[in-house]
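To start, the structure under review is shown below, and the notes come after it.
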2 protein chains.
Amino acid sequence: MEISSARAPAGSRLLATPLGAHAACRRSGQLLRPRRHTVRCSVDATRQAQGIPSAVAAEAEAAEARKRAFGVFCTTYDLKADEKTKSWKKMVNIAVSGAAGMISNHLLFQIAAGEVFGLDQPIALRLLGSERSFQALEGVAMELEDSLYPLLREVSIGIDPYEVFEDADWALLIGAKPRGPGMERAALLDINGQIFAEQGKALNAVASKNVKVIVVGNPCNTKYGYFLVYQVCPASACSALICIKNAPNIPAKNFHALTRLDENRAKCQLALKAGVFYDRVSNMTIWGNHSTTQVPDFLNAKIDGRPVKEVIKDTKWLEEEFTLTVQKRGGVLIEKWGRSSAASTAVSIVDAMKSLVTPTPEGDWFSSGVYTTGNPYGIAEDIVFSMPCRSKGDGDYELATDVEIDDFLWERIKKTEAELLAEKKCVAHLTGDGIAFCDLVNEDTMLPGEM
Amino acid sequence: MEISSARAPAGSRLLATPLGAHAACRRSGQLLRPRRHTVRCSVDATRQAQGIPSAVAAEAEAAEARKRAFGVFCTTYDLKADEKTKSWKKMVNIAVSGAAGMISNHLLFQIAAGEVFGLDQPIALRLLGSERSFQALEGVAMELEDSLYPLLREVSIGIDPYEVFEDADWALLIGAKPRGPGMERAALLDINGQIFAEQGKALNAVASKNVKVIVVGNPCNTKYGYFLVYQVCPASACSALICIKNAPNIPAKNFHALTRLDENRAKCQLALKAGVFYDRVSNMTIWGNHSTTQVPDFLNAKIDGRPVKEVIKDTKWLEEEFTLTVQKRGGVLIEKWGRSSAASTAVSIVDAMKSLVTPTPEGDWFSSGVYTTGNPYGIAEDIVFSMPCRSKGDGDYELATDVEIDDFLWERIKKTEAELLAEKKCVAHLTGDGIAFCDLVNEDTMLPGEM
């Protein structure tokens, strides 16, 4: 990041240019694409302008700054000129939708602290909210300012994905609409499908061509109180498929549907049952959809390098209770907490990102909902399905091939596959597959607390 | 931490002892002090007991486990036997009150991720809640389990400070009662004073003799929604004084009242005004009380090593708007967010702890509300007052002496000192100073959003 104001001498340690706009501010004017909303900035340029020669250029720059950046993040700095930061990596742009929600409220601070990318990676956060949540979005940006994270160099906020996703290296899609009273699941799939279709199109148009996209689709954390029981959102796998189909210029392999929270919960429950600490559990796969048809795989998982079935002899527990316990965890948390899990969901997003930017430990793997075309397991092609992945730490992954599948596991995989194929038909109008035909029964397979 | 179950061979990599109770579980039986409540455990020992020879010893151990630890944190492990963890430091015990609240919900995850103590410091969290919040406390512990933090080795929950504060190396006192409708400030000071008096006594009885205590006294984050406007809690400086007086065996120097959020906000506002990034601002002192009488000190603060007044020529802004902006920040956040700041408060607690366990950068200092006796500035003795501190990183601090105080600054210091002396009189019955005399006017000097 060689960013310096036109008015500040290069390498100046004191950049006393209150109006300096950072690179993102200035760059935005050059793009040829529709602008539908204005990204606001918390800095009052007039109040800030004291001491600056009144020039047309300065005013134009201030106008750009107002559009793009938030508060103190509008300031000028030069990472290369500072001894402490000159060895840092190139800025990474992370766009987050649903940025005013509770999951994001944990996630943004964890990312800004360096938990995903380490302590030499400067970070730009691009926060996407809605008209309704815009004030809360400003609140989040203010709290990020007040946290003085050294790595956090840019924060911008907005309500137009075409603005906010610009040059994004990562897009974390957390926002979706919760199900209202009496709303059928198919109707919700359509409403949220439209959101993910639009976001896919926006990513296709303006994001980095190698953007990594993680679809969380867990919007249930914006409501509080004891009256909340269950809300429903579309399964993230289906949302991710819609995104893929609307972003033809981005490799399908770059899209992930989050199943890491399920993986983490499954590891914890196996550890608890075996009476060991959770760091002993490895090779935990969640197969399929992020719903009650999900398959936490105890056949391939290991405890201290040994097959789980050798350590936990209680087959009935493994075959029945284990999966139910993992699936019900979110619901139990809602009962305890009065709202769904936000902190641990955020941690699992951090884990999912870290798994793509650090090499997978030898022999281990992680779960992610990824595009099935070309998969070695015989799972239907052209859907998004959680499977075991390994990464060299370059942002990419390969599917694990050293996986055993027995009849019991296969039968369950087919069930979650059938659900995903049915969901796919429901959103055919959004994926370019013709006319939607929705034969989803209204029986919920959505996870409590994540629905 | 050399912890291993009696039934597991030392150094065994697979500790398949579902009933293994960790050291804290077993140790607790040896203490001679009143037990007033039972610390519950989420693990159903009976369900877990499969495969274990039914023995009296195992049952006794399970009973201890039920009392102390939560869920998977009841499991046995031996850090010294594992290649990955054998070089780790000795476990640090961190007790947190108000553990079911929103600030804690951020703070606990930040601490567990290693943000304070680094990646070789195993962590035990002891969570203090109330009868009313107990279920939420279980929810927090469950989310901590699901987060699979490698450093987080013990989590216990309880409602008795005499249980929860046992052997605490750190106590973060975040819980207090918010002001109800029509409640006078003096009455609230008394109610919360009683809580801090009890917690001080408990720390005195059972905590590590060198425990470091950070009093936040910001309980406003348990209510949500658009109807929330302002709540009121006692100023943390007064609460810290009550703690000190009720814990005569713990050095008074070990108690801190949090003013770091104010310091961070002040730094951010100076950066914003000067048009520089916030990492350029140093030597920022908050003097006095965490209330509207607080004094953000622009006389001694520096921007890029230069006095602030040399960089920001707008004296009127410094003398008037700056302080108001810092004080009003919490209130603005409530308006934006619909609730008070939790994430950035948690970050400031992390910052406050880090400042005590890492050496202060050469020439810089940090603010903390500390015991005034022996202070070099002429501030009244025997109160808690935020002042500039430096640490060698050993948990201790010294007051900075290279500080300039002019008439303008001194006048404001005297005003916040007067308030603290008045608050002290109100809680005389709790500090052993005789009969309380409360001439506090009901005019609030409490900060919006932190009250």
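The values are calculated or read from the model by the stated rules, or taken from the named source; none is laboratory data. What you are looking at is a predicted structure, and each value in this text was computed from that prediction instead of being measured. Ideal geometry is used to build each Cβ from the backbone, glycine not excepted, and the neighbour counts take in all protein chains shown. Note: areas computed on protein heavy atoms with side chains; ligands, DNA, RNA excluded. Shrake-Rupley method; radii C 1.70, N 1.55, O 1.52, S 1.80 Å.
Observations
- Residues of the stretch A:386-433 classified as within 17 Å of A:Asn283 (Cα to Cα) and touching a Leu at 6+ places or on another chain (Cβ under 7 Å), total: 8
- Residues in the stretch A:328-342 that are out of contact with any Leu (no Cβ under 8 Å at 6 or more places or on another chain) and in a helix (DSSP H, G or I) were compared, and the one that is surrounded by the fewest Cβ atoms within 10 Å (Cβ to Cβ) is A:Glu335.
- A:Ser291 vs. criteria closer than 30 Å to A:Gly432 by Cα and of a type in the set (Gly, Ala, Ser): yes
- Count of residues meeting criterion [within 10 Å of chain A (Cβ to nearest Cβ) and in contact with a strand residue (DSSP E or B) (Cβ under 8 Å, 6 or more places away or on another chain)] in the stretch B:126-148: 7
- Filtered residue count, the stretch A:389-418, keeping only those that are open to solvent by less than 20 Å² (accessible area, probe 1.4 Å) and closer than 30 Å to A:Ile191 by Cα: 3
- Scanning the stretch A:274-284 for residues that are open to solvent by 10 Å² or more (accessible area, probe 1.4 Å) and facing another protein chain (nearest Cβ under 7 Å) yields one hit, A:Asp279.
- Restricted to the stretch B:437-451, and to residues there that are hydrophobic (A, V, I, L, M, F, W, C) and in contact with a Leu (Cβ under 8 Å, 6 or more places away or on another chain), the residue that is modelled with the highest pLDDT is B:Cys438.
- The stretch A:236-268: number of residues that are open to solvent by 10 Å² or more (accessible area, probe 1.4 Å) and either over 20 Å from the mean Cα position of the chain (by Cα) or within 14 Å of another protein chain (Cβ to nearest Cβ) (or both): 3
- Failed item in (1) within 23 Å of B:Leu119 (Cβ to Cβ); (2) in a loop (DSSP other than H, G, I, E, B), with A:Ile111 passing the rest: (2)
- Taken over the stretch A:356-375, the criterion of being small (Gly, Ala, Ser) and surrounded by 24 or more Cβ atoms within 10 Å (Cβ to Cβ) is satisfied by A:Ser367, A:Ser368, A:Gly369.
One line per residue, one yes/no per condition, for (1) in a helix (DSSP H, G or I); (2) within 19 Å of A:Asp146 (Cα to Cα):
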{"residue": "B:Leu299", "(1), (2)": "no, no"}
{"residue": "B:Glu310", "(1), (2)": "yes, no"}
{"residue": "B:Lys313", "(1), (2)": "no, no"}
{"residue": "B:Trp317", "(1), (2)": "yes, no"}
{"residue": "B:Val326", "(1), (2)": "yes, yes"}
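- Flag set for A:Trp287, criterion: assigned to a strand (DSSP E or B), more than 17 Å from the chain's Cα centre (by Cα) and either over 16 Å from A:Val216 (Cβ atoms) or assigned by TED's automatic domain parsing to the domain that holds A:Gly395 (or both).
- Residue within the stretch B:292-299 that is within 14 Å of another protein chain (Cβ to nearest Cβ) and modelled with pLDDT of 95 or more present: yes
- Residue match in the stretch B:91-108 (condition: part of a loop (DSSP other than H, G, I, E, B), free of Cβ contacts under 8 Å to residues at least 60 places away in the same chain and either surrounded by fewer than 24 Cβ atoms within 10 Å (Cβ to Cβ) or touching a His at 6+ places or on another chain (Cβ under 7 Å) (or both)): no
- Qualifying residues in the stretch B:331-353 (those that are within 12 Å of the chain's Cα centre (by Cα) and over 27 Å from B:Glu381 (Cα atoms)) - the one nearest to the other protein chains (Cβ to nearest Cβ): B:Val347
- Matching residues in the stretch B:109-121 - criterion: being surrounded by fewer than 20 Cβ atoms within 10 Å (Cβ to Cβ) and within 12 Å of chain A (Cβ to nearest Cβ): B:Gly114, B:Gly118, B:Leu119
- Residue within the stretch A:138-152 that is among the polar types (S, T, N, Q) and within 20 Å of the chain's Cα centre (by Cα) present: no
- In the stretch A:275-287, the residues that are within 15 Å of A:Pro307 (Cα to Cα) reach residues that are part of a strand (DSSP E or B) with C-beta atoms within less than 6 angstrom, at least six apart or across chains, in these pairs: A:Arg280/A:Ile303; A:Val281/A:Ile303; A:Ser282/A:Lys302; A:Asn283/A:Lys302; A:Thr285/A:Asp297; A:Thr285/A:Ser367; A:Thr285/A:Pro388.
- Scope the stretch A:81-90; condition more than 9 Å from A:Gln121 (Cα to Cα) and assigned to a loop (DSSP other than H, G, I, E, B); matching residues: A:Asp82, A:Glu83, A:Lys84, A:Thr85, A:Lys86, A:Ser87
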